[in-house]
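Encoded as structure tokens, the structure appears first; notes follow it.
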Amino acid sequence: MSWRTVVISSRCKLDLKMGCMVIRGEETARIYLDEIAILLIENPAVSLTGCLLEALIEKKIRVIFCDGKRSPLAELTPYHGSHDSSRKIRQQAAWDNDIKAMIWTDIVSEKIRKQTDFLDELELSSEASLLRSYLGQVELYDTTNREGHAAKVYFNGVFGMDFTRSEDNATNAALNYGYGIVLSAFNREVTACGYLTQLGIFHSNMFNHYNLSCDLMEPFRILVDRKVKEAGWQTFESEQKHALLNLLNDRVVINDTRQTVLNAIKLYTRSVFEAINDRDPSKINFYKL
């Protein structure tokens with residue numbers, strides 16, 4: 001089972017040899033492809049061979065390319081993630097609006113529930129109480145936008161009354177980077193299951209290539225929020241980015257077992273697809289801390 005997140009920061013050449021990714025820089029190193037879940041190319045000066053790219057795709061390894069500022073810029077996404085992807089895509093396009101509404105309502109409710117739990121841990125009782133009241137008001141497809149109201153109360157409680165998500169600061173940079181890493185992990189699982197990331201349950205932005213992944217990841221955003229709040233970074237450089245990458249190796253509980261966040265994403269994503277296809281929201285497996 002793949003589990004490693006590999007970060008390539010220095011200029012080098014990446015090649016394939018006997019099932020390994022060979023890193024040729026000042027020194028030469030090898031990593032078995034079967035161990036790699038995510039490959040992050042931080043340095044634009046890194047070169048990759050076509051043979052390695054083909055193997056990375058076959059192994060369903062998520063490859064993220066960064067820009068000159070070492071921020072995620074693009075991903076390597078295969079055309080086919082499953083042997084029956086054509087059937088899955090037709091199935092996805094035909095998902096009934098009623099079941100999508102129920103699934104989305106459960107996902108939004110779980111997100112608000114986890115935000116409430118975090119506020120309780122921070123001893124922000126009034127904010128937590130307000131979010132708890134929102135939970136009882138969530139309607140199908142969240143038509144009254146309880147998620148949006150909860151987000152404002154939540155972020156102001158966690159990061160201060162003057163905080164806004166539009167500010168250019170270290171906190172927002174860390175949140176955006178962490179969300180990007182989690183989103184990439186969801187893209188990997190959606191594609192591996194044979195579905196299209198573009199066709200969402202709720203999100204439907206014509207310019208968003210990852211509508212479905214954005215839907216699925218909502219309850220996992222709080223894991224990023226926790227790490228950023230606990231760290232309290234005043235700057236956001238390579239050290240902080242690598243710390244956020246390690247979030248995928250943290251442990252949570254899902255299906256009554258402790259799993260890495262990366263594996264929990266896999267189990268949860270597949271449970272959502274099963275819930276939609278079987279028209280049974282109770283089949284969704286959410287994680288616990």
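Worth pointing out:
- Lone qualifier among Leu140, Leu119 - being touching a Ser or Thr at 6+ places or on another chain (Cβ under 9 Å), open to solvent by 70 Å² or more (accessible area, probe 1.4 Å) and free of Cβ contacts under 8 Å to residues at least 60 places away in the same chain: Leu140
- Given (1) within 23 Å of Asp106 (Cα to Cα); (2) surrounded by fewer than 18 Cβ atoms within 10 Å (Cβ to Cβ); (3) modelled with pLDDT under 90, number of the condition Ser184 does not satisfy: (2)
- Phe202 of a type outside the set (Lys, Arg), open to solvent by 50 Å² or more (accessible area, probe 1.4 Å) and at pLDDT below 90: no
- Considering Thr171, Thr191, the condition of being polar (S, T, N, Q), at negative phi and at pLDDT below 95 is satisfied by Thr191 alone.
- Of the residues making up the range 131-147, not a single one is closer than 27 Å to Leu262 by Cα and out of contact with any helix residue (DSSP H, G or I) (no Cβ under 6 Å at 6 or more places or on another chain).
- Among residues of the range 205-233 being touching a residue at least 40 places away in the same chain (Cβ under 8 Å) and among the charged types (D, E, K, R), the one that is surrounded by the most Cβ atoms within 10 Å (Cβ to Cβ) is Asp215.
- The range 48-91, subset at pLDDT 90 or above and among the small types (Gly, Ala, Ser), residue nearest to Leu175 (Cα to Cα): Ala55
- Selection of the range 150-171 for residues being under 16 Å from Lys227 (Cβ atoms), of a type in the set (A, V, I, L, M) and crowded, with 19+ Cβ neighbours inside 10 Å yields only Val158.
- From the options Asp15, Asp106, residue that is buried (at least 17 other Cβ atoms within 10 Å of the Cβ) and in contact with a Cys (Cβ under 9 Å, 6 or more places away or on another chain): Asp15
- Residues that are without any contact (Cβ under 8 Å) to a residue 24 or more places away in the chain, part of a helix (DSSP H, G or I) and open to solvent by 60 Å² or more (accessible area, probe 1.4 Å) within the range 234-277 comprise Glu239, Glu274, listed in sequence order.
- Residue check for Phe155: over 30 Å from Lys88 (Cα atoms), of a type in the set (A, V, I, L, M, F, W, C), touching a Phe, Trp or Tyr at 6+ places or on another chain (Cβ under 8 Å) and touching a residue at least 24 places away in the same chain (Cβ under 8 Å): no
- Condition met for Ala29 (under 26 Å from Ser71 (Cβ atoms) and without any contact (Cβ under 8 Å) to a residue 12 or more places away in the chain): yes
- Filtering the range 1-38 to residues that are of a type outside the set (A, V, I, L, M) and part of a strand (DSSP E or B) leaves Arg4, Thr5, Lys13, Asp15, Lys17, Cys20, Arg24, Thr28, Arg30, Tyr32.
- Boolean, Phe207 is within 30 Å of Ser86 (Cβ to Cβ), outside any loop (DSSP other than H, G, I, E, B) and among the hydrophobic types (A, V, I, L, M, F, W, C): no
- Some residue of the range 214-226 being more than 22 Å from Phe159 (Cα to Cα) and not aliphatic (A, V, I, L, M): yes
- Search result, residues across the range 53-88 that are open to solvent by less than 50 Å² (accessible area, probe 1.4 Å) and assigned to a helix (DSSP H, G or I): Ala55, Leu56, Ser85, Lys88
- Any hit, the range 168-187, residues being farther than 24 Å from Ile64 by Cβ and of a type in the set (Gly, Ala, Ser): no
- Checking each residue in the range 89-108 for being outside any helix (DSSP H, G or I) and aromatic (Phe, Trp, Tyr) picks out only Trp95.
The values are calculated or read from the model by the stated rules, or taken from the named source; none is laboratory data. Bear in mind the structure is a predicted one, so any value in this text is a computation, not a measurement. As a convention, Cβ positions derive from the backbone with ideal geometry for all residues, glycine included, and neighbour counts pool all protein chains shown. Surface areas here come from the heavy atoms of the whole protein model, side chains and all, with no ligands, DNA or RNA. Shrake-Rupley method; radii C 1.70, N 1.55, O 1.52, S 1.80 Å.
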